[in-house]
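First up is the structure itself, then whatever we jot down about it.
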Amino acid sequence: QKERDIELDLSELRDERKVIAGHAGMNIEVRRVAYRDDAYADVRNLREEASRYRRVNNVLQAILIIGSLAATGASAIIGQIPEVRWVTLGITFIVGISNGFMGYFKYKERSFYLQQTADAIETEWEAVEVGVARYKDASDETARLALFVDEVHHLKSEQKKRQQSLEQPPDVRGSKES
């Protein structure tokens, strides 16, 4: 818990630095450098969140697989041991709950999109550092930095839109995708 408190404090300080830089009329280049520096922390945070969602999805998926097999096996022996019907009922109930959570909260999709955004930001980070891809034709460091900030901002924006879409109830999600 101590590490999380430190990370939260660090995040708050970074946000405060951005606000101060904006209000102090600091040079846009200085703010862009700070944004670039924060991008790697964003990659780490996105990956950690993706890992959490992936773990939840994997646990629920395991419950689904094992529970389905156990329920099938238990229902096969109900004829010989009638008391097993309650076990079968409990197992199928847990499997149903797991399936419902997976379908409603879309843990796998959340994990995938977070990981995809983290990978894309990291790719941009590496490209700007060595001056390749879209950054190779930029005239100087200032131009590369401006392109980088623009692209990372776009990637984060897209991630927020995907996250908001996943947070919509399934019936609203379905109508927006059409």
May I ask you to verify whether ARG36 is out of contact with any Asp or Glu (no Cβ under 9 Å at 6 or more places or on another chain), within 30 Å of GLU141 (Cα to Cα), open to solvent by 60 Å² or more (accessible area, probe 1.4 Å) and touching a residue at least 60 places away in the same chain (Cβ under 8 Å)? no
One residue from ALA39, ALA62 being touching a helix residue (DSSP H, G or I) at 6+ places or on another chain (Cβ under 6 Å), modelled with pLDDT of 85 or more and assigned to a helix (DSSP H, G or I): ALA39
Please work out which one of (1) open to solvent by 70 Å² or more (accessible area, probe 1.4 Å); (2) more than 18 Å from LEU46 (Cβ to Cβ); (3) part of a helix (DSSP H, G or I) is the condition LEU145 fails and give its number. (1)
Within region 7-18, is even one residue in contact with a Phe, Trp or Tyr (Cβ under 9 Å, 6 or more places away or on another chain) and either open to solvent by 70 Å² or more (accessible area, probe 1.4 Å) or modelled with pLDDT of 85 or more (or both)? yes
Could you tell me which residue of region 101-136 is most open to solvent (accessible area, probe 1.4 Å), considering only residues that are assigned to a loop (DSSP other than H, G, I, E, B) and within 19 Å of PHE148 (Cα to Cα)? LYS136
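The values are calculated or read from the model by the stated rules, or taken from the named source; none is laboratory data. Remember, predicted model here, so these are calculated numbers, not experimental data. All Cβ positions, glycine included, derive from the backbone under ideal geometry; neighbour counts span all protein chains shown. The protein model used for the area step is the full one, side chains on, heavy atoms only, and it has no ligands, DNA or RNA in it. Shrake-Rupley method; radii C 1.70, N 1.55, O 1.52, S 1.80 Å.
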